[in-house]
1. Do the conditions hold for R142, that is, is it in contact with a helix residue (DSSP H, G or I) (Cβ under 7 Å, 6 or more places away or on another chain), surrounded by 17 or more Cβ atoms within 10 Å (Cβ to Cβ) and either free of Cβ contacts under 8 Å to residues at least 60 places away in the same chain or not aliphatic (A, V, I, L, M) (or both)?
2. What tally of residues in the stretch 224-243 results from selecting those that are in contact with a Ser or Thr (Cβ under 8 Å, 6 or more places away or on another chain) and not β-branched (V, I, T)?
3. Say whether the condition of being among the small types (G, A, S) and over 23 Å from W156 (Cβ atoms) is met by at least one residue in the stretch 57-64.
4. Under 8 Å between Cβ atoms, which residue pairs at least 6 apart in sequence (or on different chains) link something in the stretch 193-206 that is on the phi > 0 side of the Ramachandran plot with a partner that is among the aromatic types (F, W, Y) and not in a loop (DSSP other than H, G, I, E, B)?
5. Return yes when Q269 is of a type outside the set (G, A, S) and free of Cβ contacts under 8 Å to residues at least 24 places away in the same chain and no when it is not.
6. Does at least one position in the stretch 261-276 carry a residue that is modelled with pLDDT under 95, surrounded by 19 or more Cβ atoms within 10 Å (Cβ to Cβ) and closer than 28 Å to I127 by Cα?
7. What about N180, is it closer than 28 Å to E285 by Cβ and surrounded by 20 or more Cβ atoms within 10 Å (Cβ to Cβ)?
8. It is to be established whether one or more residues within the stretch 30-39 are in contact with a helix residue (DSSP H, G or I) (Cβ under 6 Å, 6 or more places away or on another chain) and part of a strand (DSSP E or B).
Amino acid sequence: MKPHITKLGTIDCDLVETTPVVFRGRLYRFESVRPGYAGNRTGASYFRFVDHESGDPGTPFAAGYHLGNVMVDEDRLFVTGTNIWDGERVDMFVSRDMEHWDAWNALDLPGYGIFNTSLCRGSDGYILMFEVGRPPEIAGIRFTARFAVSPDLRHWDLTPPECTYSKDRYTAPHCLRYLNGHYYNFYLEAVNGEYEQHVVRSRDLVQWDSSPLNPVLRASEDDRQVASPCLSPDQKERIRTARNVNNSDIDFCEYEGQLIINYSWGNQQGVEHLAEGRFNGTLTEFLTGWFPDEGVTIG
């Protein structure tokens, strides 16, 4: 049976790249805040953590950075982000307390155009998935997943060029996880003018199997539910009437026996909304549930 995601509804407007994360037993939402966000008074992009229970935002950091993502490892937060949109660098910010941050460069790839990132622990070290739009010989049809590996989260090496998904069509990557020998790539697939969240998995980052139960998420009227008491009347009207052809930018974490899920919906052209969902089960059940047997098709 297909893993069931319950859509709870919209919690904010003009937020896209977010990651639910558990840090020291407490649930947070990492947010990549864009310059045009209504609550952003700085005129620049930045990152922050929001306490999931109280809704209180933490101290902004990484001013000017974009398209962030976060992983918790050994009681530390590791945040990746690009220094400019469609840029050549991925930098990392590291903290034990959400207040004091160390930073270093992870990737510097002249000629590349880098967008979303996702970081996880793999079979032997760490894996960084990053979205590329150029150069054409690397990206193919933009946007495409490429990968880098590290033993220590400081020193990174690109994987061989055949480690990619997928150069033949639009397959914008969003979320990478590793479990029991498989890498799971949750990515955006363009289908008949709409954009759906799909998942593929691989043992070697070269050959990929597509879930027979795709899509993971697709646009629906459930996205328009209002799930936050902080939304204004104008925002509620926008949510009610906005064009919706997109469920994208999924990310999730396990918390108290269920998956907390964030995703974006909207017109895929700048009018976007942040929504939340739940999967009643563990991360292992969610990942393996998309591949109920080995008879999957190559994506």
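1. Here the answer is no, as R142 does not meet what is asked.
2. 5
3. Yes, some residue in the stretch 57-64 is among the small types (G, A, S) and over 23 Å from W156 (Cβ atoms).
4. Here the result reads L205/F147; L205/Y165; L205/Y183, each pair linking the stretch 193-206 to a residue that is among the aromatic types (F, W, Y) and not in a loop (DSSP other than H, G, I, E, B).
5. yes
6. Yes, the stretch 261-276 contains a residue that is modelled with pLDDT under 95, surrounded by 19 or more Cβ atoms within 10 Å (Cβ to Cβ) and closer than 28 Å to I127 by Cα.
7. no
8. no
The values are calculated or read from the model by the stated rules, or taken from the named source; none is laboratory data. All of these numbers come straight from a predicted model, not from anything done at the bench. Glycine also receives a Cβ, built like all others from the backbone with ideal geometry; neighbour counts cover every protein chain displayed.
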